[in-house]
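Written below as structure tokens is the structure these notes are about.
Where a number appears in this text, it was derived from the coordinates with a stated rule and is not lab data. Given the structure is predicted, the values throughout are model-derived calculations rather than measurements. Here Cβ is always computed from backbone atoms with ideal geometry, including for glycine, and neighbour counts include all displayed protein chains.
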Amino acid sequence: MERKRYSAEFKREAVKLASQPGMVKRQVAEELGIHENLLRAWVRQFAAGKWERTPGTALKSAQQLENERLKRELKRVTTERDILKKAVGYFAKEPS
């Protein structure tokens, strides 16, 4: 089953609708044809500042993308370091 992909503008408009006073997230989700939990996740992401609110820009800022890239690289380097530590420990053992 293929996942649906929603455009940045669709997500922004959905969050804007759900954030209006008197609007119920369940009703907004039904009208848009999406699951209520998906809409709630989008609202949380916008509220946490994980996405840019201004139209015409990417959902994530360049700084956020760079942070994600650096976190992935740190995880890779940490894994490599751990593997090297184990290898040094293995080869440092004296043969019995």
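Computed from the C-beta positions of Ile83 and Glu36, the FRET efficiency with R₀ = 35 Å rounds to 0.20.
Listed options for mean projected area of the Cα convex hull in nm² are (1) 10.6; (2) 5.6; (3) 6.0. The value calculated from this structure is the one marked (1). So what's the angle, to the nearest 10 degrees on a 0 to 90 scale, between helix 62-92 and the longest Cα principal axis of the chain? Its long axis makes an angle of about 20 degrees. In the chain, helices alone account for a calculated mean residue ellipticity at 222 nm of -21500 deg cm²/dmol, with every DSSP H run of four or more residues adding -39,500 (n - 2.57).
Figure legend: label point modelled 7 angstrom from the Cα of Glu68 along Cα→Cβ; residues of region 26-50 with amide N under 20 Å from it are 38-50. Taking 23 Å as the cut-off for C-alpha to C-alpha distance, list the pairs among Lys4/Lys60; Lys50/Lys75; Lys11/Lys50; Lys4/Lys75; Lys4/Lys50 that go past it. With Cα atoms farther than 23 Å apart: Lys4/Lys75.
Each of the peptides 83-94, 13-24, 67-78, 36-47 was scored by the mean count of other Cβ atoms within 10 Å over its residues; in descending order, highest first, they stand as 36-47, 13-24, 67-78, 83-94. With a cut-off of 12 Å between beta carbons, the residues surrounding Arg76 carry a summed charge of +2, where Lys and Arg count +1 and Asp and Glu -1.
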